[in-house]
Amino acid sequence: MRHSSRLERIPPYLFAELERKIAAKREQGVDVISLGIGDPDMPTPEPVVTALAEAARDPATHRYPSNRGRLEFREAVAGFYARRFGVELDPVTEIIPALGAKECIFNLNLAFLDSGDVALASDPGYPVYTGGPLLAGADAVLLPLRADEGFAPDFSAVDAEDWERAGLMFLNYPNNPTGAVVPDGVFERAVELAREHDLLVVHDASYTETTFDGYVAPSFLEAPGARDVGVEVFSLSKGWSMTGWRAAAIVGNAQAIESYWRLKSNVDSGMFEAVQLATVAALTDSEATPRETSAVYRRRRDLVCDALREIGVDVTPPKGTIYIWAPVPEGHTSASYCELVLEESGVVLSPGGAYGPNGEGFFRISLTVADERLSEAVERLRSSLGG
């Protein structure tokens, strides 16, 4: 059976490969602890679950939803943005539900890129920023993020021809995989470049609600002029432990939202209305939940960073996200170090090189396992790699 040539343009998805390695080790009888995938272990808040159950019992939610979303959903998102970021959004024209950030980011490539176009993608970054353009028949050009520059995108690395071909620019702060927070002036510079080159900025705001040490993450839409050139993808997956719910929203530039809706109405049938009503409960009745989960992740962050330092890893505790980004020991590549850790400790880490060329030399640890398993993973690392 012959598959499409577009599949040849992309490598196997990183997290699918991690799942394969985990399964193989477990078949060998190894008690694997996976710190590779960012899937929160804490339960979704009870008011959200209750709202879903109540809405699911209403036969009115069992029919096709609108791709534009229920007004209650859009008003809840608008209210949250006003309270949290001071950003006023029009619920009618500037907000649409998305079936998770991943779906939304991928579909934006289909909506805004043609063959020969370019998406500017953070490197290192979430793999969909580079895989999505390729599947859309376009190209991905990397925006290097370097530790010595605070993981600010190196806009000067993009040549003039690629700026002229660019239709999208993907940004993500707090950043996956590095945990970096947005450096001063980055959003403002992105707005200037978007105006100059007539492109759409897409800010992946999946981690704005998971922050530490008093840091409060901004919305891209707070930057002057951002709404003229950009959209933001806001996800509840991490802050409210709702990865399986596929609950997100795309907000911002009304023209871009309309184009996204035009594509989306031909691709899927919208978000289950019971999930929309549960999302309303998350953004209203459970608005404090991200602060509670952030406290858990901060404790886990400190536990892991202390352990890494004890075995000689020079790590900087992040101010955001659910990840630790750390350099591999001298003499190793990202892949070889993660393979060594898996063989010696039964602990799965993510190799930094899988997130882009500038991720080489680093590894990522996810903090989304129960405290006792995380403590056990830390002890395994100490005993097998620390001596």
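The values are calculated or read from the model by the stated rules, or taken from the named source; none is laboratory data. Quick caveat, the model's predicted, so the values are computed rather than measured. All Cβ positions, glycine included, derive from the backbone under ideal geometry; neighbour counts span all protein chains shown. What goes into the accessible areas is simple: the full protein's heavy atoms, side chains included, and nothing from ligands, DNA or RNA. Shrake-Rupley method; radii C 1.70, N 1.55, O 1.52, S 1.80 Å.
Considering the range 246-278, the residues that are of a type in the set (Lys, Arg) and farther than 19 Å from ASN176 by Cα include one that is most open to solvent (accessible area, probe 1.4 Å), namely ARG262.
Pairs meeting the criteria (first residue in the range 100-118 and without any contact (Cβ under 8 Å) to a residue 60 or more places away in the chain and open to solvent by 10 Å² or more (accessible area, probe 1.4 Å), second residue part of a helix (DSSP H, G or I) and among the charged types (D, E, K, R), beta carbons under 6 Å, at least 6 apart or on different chains) are ASP117/ARG165.
Taken over the range 202-216, the criterion of being out of contact with any Phe, Trp or Tyr (no Cβ under 9 Å at 6 or more places or on another chain) and surrounded by 18 or more Cβ atoms within 10 Å (Cβ to Cβ) is satisfied by THR211 alone. Exactly one residue among PRO318, PRO351 is at pLDDT 95 or above, open to solvent by less than 40 Å² (accessible area, probe 1.4 Å) and either among the aromatic types (Phe, Trp, Tyr) or under 26 Å from TYR173 (Cβ atoms) (or both), and that residue is PRO318.
Scanning the range 192-208 for residues that are touching a strand residue (DSSP E or B) at 6+ places or on another chain (Cβ under 9 Å) and either more than 25 Å from GLY116 (Cβ to Cβ) or charged (D, E, K, R) (or both) gives ASP198, ASP204, ALA205, SER206, TYR207, THR208. Restricting ARG291, ARG301 to those that are among the basic types (Lys, Arg), at pLDDT 95 or above and surrounded by fewer than 17 Cβ atoms within 10 Å (Cβ to Cβ) reduces the list to ARG291.
Considering the range 217-245, and only residues there that are in contact (Cβ under 8 Å) with a residue 40 or more places away in the chain, assigned to a helix (DSSP H, G or I) and over 18 Å from VAL191 (Cα atoms), the residue that is least open to solvent (accessible area, probe 1.4 Å) turns out to be THR243. Being touching a strand residue (DSSP E or B) at 6+ places or on another chain (Cβ under 9 Å) and within 17 Å of PRO97 (Cβ to Cβ) is a property that VAL231 has. Of all residues in the range 56-81, those satisfying the criterion of being closer than 15 Å to LEU283 by Cα and assigned to a helix (DSSP H, G or I) are LEU71, GLU72, PHE73, ARG74, GLU75, ALA76, VAL77, ALA78, GLY79, PHE80, TYR81. Counting only residues that are within 18 Å of the chain's Cα centre (by Cα) and without any contact (Cβ under 8 Å) to a residue 12 or more places away in the chain, the range 194-216 holds 1 of them.
Of the numbered criteria (1) in a helix (DSSP H, G or I); (2) of a type in the set (S, T, N, Q); (3) more than 22 Å from THR44 (Cβ to Cβ), the one SER294 fails is (3). Quickly run through the range 336-348 and pick out the residues that are at pLDDT 90 or above and open to solvent by 40 Å² or more (accessible area, probe 1.4 Å). Once the filter is applied, which keeps residues that are at pLDDT 90 or above and open to solvent by 40 Å² or more (accessible area, probe 1.4 Å), the range 336-348 yields only SER336. Residue-level analysis places ALA194 among those that are of a type in the set (Gly, Ala, Ser) and either part of a helix (DSSP H, G or I) or more than 30 Å from ALA295 (Cα to Cα) (or both).
Of all residues in the range 354-387, those that are part of a loop (DSSP other than H, G, I, E, B) and at pLDDT 90 or above total 7. Among the conditions (1) at positive phi; (2) assigned to a helix (DSSP H, G or I), the only one that LEU108 does not satisfy is (1). If the condition is being in a helix (DSSP H, G or I) and β-branched (Val, Ile, Thr), then the range 85-105 contributes only ILE105. For the range 128-148, a tally of residues being without any contact (Cβ under 8 Å) to a residue 40 or more places away in the chain, open to solvent by 10 Å² or more (accessible area, probe 1.4 Å) and part of a helix (DSSP H, G or I) returns 3. Picking from residues in the range 88-99 that are touching a residue at least 12 places away in the same chain (Cβ under 8 Å) and open to solvent by 10 Å² or more (accessible area, probe 1.4 Å), the one that is nearest to LEU142 (Cα to Cα) is LEU99. Take the conditions (1) farther than 25 Å from TYR126 by Cα; (2) touching a strand residue (DSSP E or B) at 6+ places or on another chain (Cβ under 8 Å); ASP306 misses just one of them, which is (2). Here SER269 qualifies as touching a residue at least 12 places away in the same chain (Cβ under 8 Å), among the hydroxyl-bearing types (Ser, Thr, Tyr) and not in a helix (DSSP H, G or I).
Per the listing VAL233, VAL191, the residue uniquely within 12 Å of the chain's Cα centre (by Cα) and of a type in the set (A, V, I, L, M, F, W, C) is VAL233.
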